[in-house]
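What follows is a short report on a single structure.
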Amino acid sequence: MHIVVCIKQVPDSKEIKIDPKTNTLMRQGVPAVVNYYDMHGVEEALRIKDKYGARVTVITMGPPSADKALKQCISLGADEGVLVSDRAFAGADTLATSYVLASAIYKAADTWGPVDMIFAGKQTSDGDTGQVGPGIACRIDYEQLTYVQQIEDINPDTGELIVHRHLEDGVERVKTRTPVLITVVTELNTPRRASLPGMLRAARYTPIVWTTNDFEELDRSKIGLRGSPTIVSKTWVPEPKHVSTDMLTGTGNEVAATLVENLFGTELKHSLGWA
Amino acid sequence: MAEDKRRKMIGLQPEGDVDWSMYRGIMVVVEQRSGVAKPVSWQLLGEARRLADKLDAPLMALVMGQDVSHIAQQAIGYGADIVYHADAPELKDYRTRPYSRVCLKVIKTYRPEIVLMGATYTGRDLAGAIATHLPTGLTADSTQLDVDDERLLLASRPAFSEKMLATILCKQFKPQMATVRAGVFQALPYDEKRTGKIIAVHQDMHENDIVTKVLEFVQDDNRVNLEDAQVIVAGGRGLGGPDGFKLLHELANVLGGTVAASRAATDLGWIDHAYQVGQTGTTVRPKLYFAIGISGAVQHVVGMQNSDYIVAINKDPNAPIFQIANYGIVGDLFEIVPLLTKAFQERLTPVMAR
Ligand SMILES: Cc1cc2nc3c(=O)[nH]c(=O)nc-3n(C[C@H](O)[C@H](O)[C@H](O)COP(=O)(O)OP(=O)(O)OC[C@H]3O[C@@H](n4cnc5c(N)ncnc54)[C@H](O)[C@@H]3O)c2cc1C
Ligand SMILES: Cc1cc2nc3c(=O)[nH]c(=O)nc-3n(C[C@H](O)[C@H](O)[C@H](O)COP(=O)(O)OP(=O)(O)OC[C@H]3O[C@@H](n4cnc5c(N)ncnc54)[C@H](O)[C@@H]3O)c2cc1C
């Protein structure tokens, strides 16, 4: 079995601040981390590898510094780490991203054998669209199972698998067959820590780098900023809501009565169906 | 396997005509489970009605499922002019392939200039597949929508933990697509006398050709769903312990709301982390938010400041939470909350009994 895991390096969102003078994002010096969900995808791939034997290829599209993220995955037990990196890929929206990642998955299949399963995160903490997983599945015509919280069963011979999808209102049990793309939620597993041999291997490992020149059939009008139909026309920091706070005073009973009266005097009466 | 070398890559070019001026009107994809529409679908129709009127274009709805003709009818009552209705056993449960196939067919046949879906799990699953297939641009999780003079959709979405808003457009392709957060827009009042056209759409996939099968769905009535909550009663360190949440539950029950918490309360283990509101928890946007024994730290506030009405109860008159509250009560929560529960109960009960 050949499993590909897509991971993305993201700025540590806790550290992002907004410059109060210019209202722009202060990205400088913000440390990069592997998107939280993606480590659960890596873990699940490694568990399948441990149980049934599999080759695990980790792919990221990003700047050269993203090789750190790949080495982290190698230290956990992934077989190869591929950095898809070229200035021409920069500025991609989800459509251009899914095209490049799908191309990389085809190339990984040519290099190491057909890809049976692909793991991606539910969403990232920066772009936060959750669109790249479904985009890749659509591009290469794989079955698509999003928001998976448990893999109940895999039959490595038939490729049949049963998973549990975590939805807003409950859990759906679904059966499908490889090749499949799965997007994962954090309930799926607890990521492992690196072993000492893993760390040693990672220290010596140099991630494979693929640039635009490594893809024979790449349509250059479909990548990067040029290949991205969505345009960010402006960003702004929303005005803090100007509220005039109504401080209610009196005895406990009085303030309770006044508050109820006041709230019934607003549109909440209709929108919450109080009337 | 030499002939395998050229691999299939879906979604590189739009199929067929690319005369974008043929694309007119707005289409809302209605989401349902077991014959019940999700509220976000009607909220979307409400907002899309406003946009369609501004564009002087028809408002369309797409209803897919099994035995869902009543939902097609409802879509008209909630503002649609035309409803495309695909009804088939293969569409009983949502599955990416048959649903996206119907959706693509309707888009290519009827050519809406804008397609909107709820930013729910199902909505994102479907929208991500369709936008890639067409291909077109897709804005995720929008909280503001508008159209400009050139008929461009201006979809704005929060970015970077809600710290900023970004307006995103797509000039290159049609339809322009966006998923939209639940609970942000308001549905129009249901009008059963509204009239519109319902057009049947044929679902043409055979069950044998659909690899993915839904085996079962287990409804979880206890699932914490803060994002969709209309009323949230949140508590913090001021509650003094897990028992304090009982008071909040009582108030929440009377209001049909949900309990939530600050990180101080979840970190102390008084309530599960799933209930945490804020930067590292859930971002909520209810109609009414009670902050009880919560000081109003910025990491909490970013997750709830867009609530329509905020009520703060705190014994410290200088607590920062009062700065963003519509109504403030300085006092002991253990005294105030039960009185408030009682006051609401008295006011609401006769209404319910009628
Ligand atoms: C504030 C902001 C808002 C944006 N809004 C939009 C928008 O509305 N529409 C749009 O089309 N684009 C948008 N983008 C661009 C989008 O973030 C990029 O296309 C990005 O490359 C991938 O999208 P994502 O981060 O949302 O990934 P998601 O779709 O949320 O990621 C899901 C999973 O896909 C995989 N994945 C994603 N990116 C990579 C990668 N580079 N390498 C390997 N695996 C990856 C990971 O497994 C990840 O967990 C936005 C970007 C920003 C910064
Ligand atoms: C990176 C980072 C991320 C964070 N993310 C989040 C997040 O997502 N969500 C979040 O909530 N916090 C978050 N925090 C923590 C945040 O900074 C605050 O520490 C936390 O919100 C405080 O919770 P609190 O208001 O319940 O507690 P406190 O700040 O201790 O406030 C308790 C309040 O209760 C009042 N009180 C006490 N007794 C009574 C009484 N009997 N009656 C009435 N009032 C009473 C007090 O006057 C006080 O104002 C984060 C912090 C960091 C550094």
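The values are calculated or read from the model by the stated rules, or taken from the named source; none is laboratory data. All values reported here derive from a predicted model rather than from experimental measurement. For neighbour counting, all protein chains shown are included, and Cβ atoms are generated from backbone atoms with ideal geometry for every residue, glycine included. Accessible surface is based on the protein model in full, side chains and every heavy atom, while ligands, DNA and RNA are left aside. Shrake-Rupley method; radii C 1.70, N 1.55, O 1.52, S 1.80 Å.
Summary table below
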| quantity | calculated |
| --- | --- |
| Residues along the stretch B:88-136 losing 20 Å² or more of accessible surface when the other protein chains are present rather than the chain by itself (probe 1.4 Å) | B:Tyr94, B:Thr96, B:Arg97, B:Tyr121, B:Arg124, B:Asp125, B:Gly128, B:Ala129, B:Thr132 |
| Relative contact order, percent, chain B [alpha-carbon distance under 8 Å, six or more residues apart] | 13 |
| Other-chain or far-sequence residues with amide H under 5 Å of A:Val84's (modelled H) | A:Thr60, A:Met61, A:Gly62, A:Trp210 |
| Note, ³J(HN,Hα) from phi for the stretch B:86-93, Karplus 6.51, -1.76, 1.60, rounded to Hz, x at Gly and Pro | 10, 10, 6, x, 5, 9, 3, 9 |
| Surface per residue (accessible, 1.4 Å probe) for the stretch B:19-209, Å² | 37 |
| Using θ = phi - 60° and Karplus 6.51 cos²θ - 1.76 cosθ + 1.60, couplings along the stretch A:129-142 (whole Hz; Gly, Pro as x) | 8, x, 9, 5, x, x, x, 5, 4, 5, 3, 9, 6, 9 |
| Extreme residue, positive dipole direction of the stretch B:231-347, given options B:Gln345, B:Gln299, B:Pro317 (C-beta unit charges) | B:Gln299 |
| Protein heavy-atom accessible area occluded, A/B pair - total, 1.4 Å probe, Å² | 8100 |
| Protein accessible area in the stretch B:231-347, 1.4 Å probe - carbon and sulfur % | 47 |
| Solvent-accessible heavy-atom area per residue, rounded to whole Å², over the stretch A:2-222 at 1.4 Å | 41 |
| Amide proton proximity set for B:Leu188, modelled H, under 5 Å, gap of 5+ | B:Gly46 |
| Restricting the stretch B:103-202 to chymotrypsin sites (Phe, Trp or Tyr not before Pro) in coil, as DSSP defines it, with at most 16 other Cβ within 10 Å | B:Tyr190 |
| Within the stretch A:93-136: backbone nitrogen closer than 18 Å to the A:Thr186 label point (7 Å, Cα to C-beta) | A:120-130 |
| Accessible-area composition of the stretch B:128-186, carbon plus sulfur, in percent [1.4 Å probe] | 46 |
| Net charge of neighbours whose Cβ lies under 15 Å from the Cβ of A:Glu80, counting Lys and Arg as +1 and Asp and Glu as -1 | +2 |
| Lys/Arg +1, Asp/Glu -1 at C-beta; the protein assembly as shown dipole; positive extreme among A:Pro11, B:Pro58, A:Thr124 | A:Pro11 |
| Residue-wise HN-Hα coupling along the stretch B:105-114, computed from phi with Karplus coefficients 6.51, -1.76, 1.60 (Hz; x: Gly, Pro) | 4, 5, 4, 6, 7, 9, 6, x, 7, 9 |
| Shielding by other protein chains, A:94-106, mean Cβ within 10 Å | 3 |
| Extreme residue, positive dipole direction of chain B, given options B:Ile199, B:His273, B:Thr132 (C-beta unit charges) | B:Thr132 |
| Size of charge dipole - chain B - debye, nearest 20, with Cβ of Lys, Arg +1 and Asp, Glu -1, no other charges | 360 |
| Burial of 40 Å² or greater, the stretch B:301-340 residues [accessible area, probe 1.4 Å, versus chain by itself] | B:Tyr309, B:Asn326, B:Tyr327, B:Gly328, B:Ile329, B:Leu339 |
